[in-house]
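Bear in mind these aren't lab numbers, they're just calculated from the coordinates by the rules spelled out. Here the structure is a predicted model, which is why all the values come from computation and not from measurement. When we count neighbours, we look across all protein chains shown, and the Cβ atoms used for this are built from the backbone with ideal geometry, even at glycine.
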Amino acid sequence: MHNAGCEVKRGKYLSIKIPGAERFVRVKSIGEDYTEEALRERCLGKRTVAPKPKISDDSGRKAAEYATAVKKQNTPSLLIDIQAKIAEGAGDGYVHWMRIFNLKTAARTLIFLKENGIDSYEELCQKANAISDEHHSLSSRLKDIGDRQKEIKALEYQVGNYGKTRDVYAAYKRSGFDRAFYDANIADILLHKAAKKYFNEHYPKTKLPSINQLKAEWGELEKERRQVSPKYHAAKEKYTPLIMAKRNAEVMLFGEQQPKKSHDRGAR
């Protein structure tokens, strides 16, 4: 256990503390294969622990076994199960365990779960999915606001050009599209034509708003953006560690054969 980075305390009951943990845990609370007597028997070769069967590659059976494993994670078994996995580092499974997962990462995940009062896998999933929904909802709204503000700026530019060049283009029409008039006012005429083309392509058969209306809409969107942005960043700060904790817990609890599609949106 010392070699695995654990602290060991002897008393009425054998207790260990994993790296980064705040409290010692009595080994007998982990399971019948981890009592002091059982550990002694295992060291002497008098007791063997049958390995847990690997989850079948069959998708239907994998889903059923995964659901059963999840159902067993009742308060406070999540932390105990993770501690048991870390404690395996003291036995024959240490090398295999280190291949699957980094011990320091396991310890950090355990500390995170304790600090946030998460005692069951179900609760971890609920919190991860809730913050994921909030994070992506706020992110989507910020994107919609940004896209609309860009549209408003582009439309505002074209409406402005159209208004500034309307009289020149009207005079050009009255001249019978005179070449000399065109050459003398080519910049205004080209801006006017470009504005008309933009309206026909993007806003056909639509009454165009005034510059003041566009400015007012942009201002309301900017006000909303400033309100949503802090909420998005706050949700993002919670989102990343929760999703990582959920994935880490799944690796520790279910190993490499865990379902690849977990019910969070971190892979989006």
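A few remarks follow.
- Contour minus Cα-Cα distance for Ala187 and Asn200 (0.36 nm per residue): 2.7 nm
- Pairs over the 32 Å Cα-Cα cut-off, from the set Lys173/Lys205; Lys17/Lys231; Lys12/Lys46: Lys17/Lys231.
- Sparse-neighbourhood loop sites, trypsin sites (Lys or Arg not before Pro) in the stretch 111-173 - DSSP loop, at most 11 other Cβ within 10 angstrom: none
- Taking other Cβ atoms within 10 Å as a rough exposure proxy, Cys6, Cys43 sort from fewest to most as Cys43, Cys6.
- Cα Rg over Rh - the stretch 126-257, Kirkwood: 1.33
- Sorting Ser15, Ser137 by the number of Cβ atoms found within 10 Å of their own Cβ, with the fewest placed first, yields Ser137, Ser15.
- Checking the cross-link pairs Lys150/Lys223; Lys127/Lys246; Lys114/Lys246; Lys143/Lys207 against a 18 Å limit on the alpha carbon distance flags Lys143/Lys207 as lying beyond it.
- Each of Thr35, Thr165 has some number of other Cβ atoms within 10 Å of its Cβ, and from fewest to most they run Thr35, Thr165.
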